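Since every read-out is calculated from the coordinates, none of them should be taken as a lab result. Predicted model, so just to flag it, every value in this text is computed and none were measured. So basically every Cβ, Gly included, is an ideal-geometry build from the backbone, and we count neighbours across all protein chains shown.
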């Protein structure tokens, strides 16, 4: 009597997602830990003593010369709103979260541009789904990184007694701190997932836009870019949605309206997610 042959079951989506997460975290983690350490050191220095690294200030006759660092108090009076050490640390945490979200897709897909991703076609699940699970794994890890930045900034400020402005910030401020990086990550993931040269696409687009703005401004036709400016800086614009609640609270302008922000954030998130889905659906000619 012959033994009955069994067909192996394909792995579950959860198992694939766990494998993708291990792959992201296990690939040269030293660089990621060094970057985390630098950001954490800056957050602690800012929240505890108002020290900002990477700034050079030459003092006058009655002030000492400081190189490579300055203090929040040196320029806070010129801003027109209250900015103590705690507020500065949280602002730095938000900026670091935005930057981390921008570069995080390159970490997620490190060493695997589309032309080197042919092995996904041999996997027991759909290739597009495999790509999307990698993106989702990176998306799930991103709030953990942002939480580290936020907790370090707030905890250090609390231990140092620099939390005077925190109670005045609404819940949308803290929500945007975590929600905005998700949109940035998905938008940058579009060329990273679908293009062989994502860096060229990203910086090439920035360069072309900057050159176009300069040219139109030189010939007095800058008004032609008003619709584009509204797309980024209007009430529902991308930059307004990403940073509006944070800038509004830190600058002392009051709470940002929740309704318009929620609608704009969902629209931009849906747009970015659709772009990632289309990029993952494209089969590169070299595969």
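In nm, give the distance between the simple-model label positions of residue 129 and residue 18, each being 7 Å from the Cα along the Cα-to-Cβ direction.
1.8
Place a label point 7 angstrom from the Cα of residue 228 along the Cα-to-Cβ direction, then list the residues of segment 183-209 whose backbone nitrogen is under 13 Å away.
205-209
Out of 82, 150, 218, any idea which swings most in a Gaussian network model of the chain, alpha carbons joined below 10 Å?
218
Taking only C-alpha pairs under 8 Å that are 6+ residues apart, what is the relative contact order of the chain in percent?
22
Can you give the extra length, in nm with one decimal, that the chain gains between residue 155 and residue 75 once fully stretched, where that is 0.36 nm per residue apart less the Cα-Cα distance?
Taking 0.36 nm per residue and subtracting the Cα distance, the gain is 26.4 nm.
Once both axes come from the Cα atoms, what is the angle between helix 85-108 and the longest principal axis of the chain, in degrees from 0 to 90, rounded to 10?
Once rounded, the angle reads 20 degrees.
As I understand it, the value is the acute angle between the Cα axis of helix 127-160 and the longest principal axis of the Cα atoms of the chain; what does it come to in degrees, rounded to 10?
30
Working from Cα positions, state the angle (0 to 90°, nearest 10) between the long axis of helix 258-281 and the longest principal axis of the chain.
40
Of the listed values (1) 55; (2) 35; (3) 48, identify the label whose number matches percent of Cα pairs over 29 Å apart calculated from this model.
(3)
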